[in-house]
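Handing you a structure now.
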Amino acid sequence: MALTLVFAEAETDELSQQAGVFAAGLGDDLHAVAFDPAEAYAPAAWAQTLVELAQERGAGAIVGPGTDRGNEVLAHVAAKLDQPMAANCTQVIPGDPVTVVRTRWGGSLLEEAQVHGSPLVLTAAAHAVAAAPLAEVEIVTVAAAATELDRMVRVVERIPAASAGVSLADADVVVSGGRGVGSAEGFSVIEELAALLGGAVGCSRAVTSAGWRPHTDQVGQTGTKVSPEIYIACGISGATQHMAGCKGAKRLLAINPDGEASIFASADYAVIGDLHAVVPAISAEIRKVRGT
Ligand SMILES: Cc1cc2nc3c(=O)[nH]c(=O)nc-3n(C[C@H](O)[C@H](O)[C@H](O)COP(=O)(O)OP(=O)(O)OC[C@H]3O[C@@H](n4cnc5c(N)ncnc54)[C@H](O)[C@@H]3O)c2cc1C
């Protein structure tokens, strides 16, 4: 492949470096592009810049990291070029058409697919290859050519997540609630148990969609991936997209009145019952044992 353009979120970012190593396997001429960190993130505008650079330089492939931003920007690139995009690839096998292996279903399966399109647009799955410094990184300021429409969706303000105590991603104990919790107020029993165990509160997407908890608490394919010593799933059915986020847990305790719920297939410990009775009972027992 003549030239490969790498979209680097930041030149020092490990996943962008991995994408660079991945892209290096596609051709001999590699151009890595990182955007000025002072620029507001604007996916369509950044994509427009990449499209213009790719066209100017005759790129045969445009590669990015398989991160939220990498996938978003390259999806815009593909749409602007009217080409397909292969996300989260672990392998590219050259040929006509090119064959890619990519992760699907939150990493639960690998798919082999042929990509008919030029330039090739793809993102590299995290940790598919070891990172190495990007040799030549050009810092690009978002091109003035990007239209107002391209800049319409952009970051205008950053508000740090209001977090108390241990973070979800690092917690040794995660007490997570699903639709079965029933309401935002219902989470008080989940919060109480998490606090007693020095853990963090998580939730399913049904909960964030209902507005009961912020998205930062969501565990799953489109949320945080957790790997605690124990994951306590309360009122969660065990959908594939949720399990993609907690399959790294060493142990899983599921509390659900439906003995047929699929979460029990992944559980080490099961309590078939109503979380509103079971969770306060666990908290009360902990208090009793501790004498508090
Ligand atoms: C592209 C895509 C990405 C997605 N990403 C995510 C993601 O990142 N994270 C995620 O979680 N989901 C994700 N989803 C949604 C996912 O498919 C499920 O819809 C969601 O996980 C269901 O949440 P839930 O288990 O809380 O709700 P439900 O599936 O409705 O399950 C609720 C459970 O609560 C139980 N219950 C009811 N009452 C009680 C009670 N009193 N005590 C105890 N248990 C009770 C019920 O028996 C049931 O099993 C995604 C979906 C798509 C299509």
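The values are calculated or read from the model by the stated rules, or taken from the named source; none is laboratory data. Treat the numbers as computed from the prediction; the structure is a model and nothing was measured. Reconstructed Cβ throughout: ideal geometry from the backbone, glycine too, with neighbour counts over all protein chains shown. We work out accessible area using only protein heavy atoms, side chains counted, and drop any ligands, DNA or RNA first. Shrake-Rupley method; radii C 1.70, N 1.55, O 1.52, S 1.80 Å.
When only residues in region 195-211 that are closer than 28 Å to Thr292 by Cβ and more than 8 Å from the ligand (Cβ to nearest atom) count, which is surrounded by the most Cβ atoms within 10 Å (Cβ to Cβ)?
The selected residue is Gly202.
Consider Ala261 against the criteria (1) more than 9 Å from the ligand (Cβ to nearest atom); (2) within 22 Å of Ser183 (Cβ to Cβ): it satisfies all of them except one. Which criterion is unmet?
For Ala261, the exception is condition (1).
Next up: Can you confirm whether region 152-166 contains a residue that is touching a helix residue (DSSP H, G or I) at 6+ places or on another chain (Cβ under 6 Å) and open to solvent by 50 Å² or more (accessible area, probe 1.4 Å)?
We begin by selecting, within region 152-166, every residue touching a helix residue (DSSP H, G or I) at 6+ places or on another chain (Cβ under 6 Å); these are 161.
Of the ones still in play, those that are also open to solvent by 50 Å² or more (accessible area, probe 1.4 Å) are 161.
Yes: region 152-166 contains one or more residues that are touching a helix residue (DSSP H, G or I) at 6+ places or on another chain (Cβ under 6 Å) and open to solvent by 50 Å² or more (accessible area, probe 1.4 Å).
Of everything in region 167-184 that's of a type in the set (Val, Ile, Thr) and open to solvent by less than 10 Å² (accessible area, probe 1.4 Å), which residue is nearest to the chain's Cα centre (by Cα)?
Restricting to residues being of a type in the set (Val, Ile, Thr) and open to solvent by less than 10 Å² (accessible area, probe 1.4 Å), the top hit is Val174.
Right, next: Mind checking which residues of region 93-123 are outside any loop (DSSP other than H, G, I, E, B), at pLDDT below 90 and open to solvent by less than 50 Å² (accessible area, probe 1.4 Å)?
If the condition is that a residue be outside any loop (DSSP other than H, G, I, E, B), at pLDDT below 90 and open to solvent by less than 50 Å² (accessible area, probe 1.4 Å), then Thr103, Gly106, Gly107 are the ones that fit.
Let me ask you something else. Considering only residues that are of a type in the set (Val, Ile, Thr) and surrounded by 21 or more Cβ atoms within 10 Å (Cβ to Cβ), look in region 21-51 and name the one that is nearest to Thr147 (Cα to Cα).
The initial filter retains those residues of region 21-51 that are of a type in the set (Val, Ile, Thr), namely 21, 33, 49, 51.
Okay, now just the ones that are also surrounded by 21 or more Cβ atoms within 10 Å (Cβ to Cβ), so 33, 49, 51.
Working: Val33: 20, Thr49: 11, Val51: 13 Å.
Within region 21-51, the match that is nearest to Thr147 (Cα to Cα) is Thr49.
Condition (residue is away from the ligand (no atom under 16 Å from the Cβ), under 25 Å from Ile282 (Cβ atoms) and part of a helix (DSSP H, G or I)) applied to region 166-174: is it met by at least one residue?
yes
How many residues, within region 158-205, are among the basic types (Lys, Arg) and touching a residue at least 24 places away in the same chain (Cβ under 8 Å)?
Matching residues across region 158-205 total 2.
Then there's this: Give just the number: which of (1) in a helix (DSSP H, G or I); (2) in contact (Cβ under 8 Å) with a residue 40 or more places away in the chain; (3) open to solvent by less than 50 Å² (accessible area, probe 1.4 Å); (4) within 20 Å of Glu148 (Cα to Cα) does Gln18 not satisfy?
Among (1) in a helix (DSSP H, G or I); (2) in contact (Cβ under 8 Å) with a residue 40 or more places away in the chain; (3) open to solvent by less than 50 Å² (accessible area, probe 1.4 Å); (4) within 20 Å of Glu148 (Cα to Cα), Gln18 violates only (4).
Being without any contact (Cβ under 8 Å) to a residue 60 or more places away in the chain, farther than 18 Å from Thr12 by Cα and within 23 Å of the chain's Cα centre (by Cα), is that true of even one residue in region 27-37?
No, the conditions are met nowhere in region 27-37.
Still on this structure: Output the number of residues of region 52-74 satisfying the condition of being on the phi < 0 side of the Ramachandran plot and open to solvent by 10 Å² or more (accessible area, probe 1.4 Å).
Number satisfying all stated conditions: 13.
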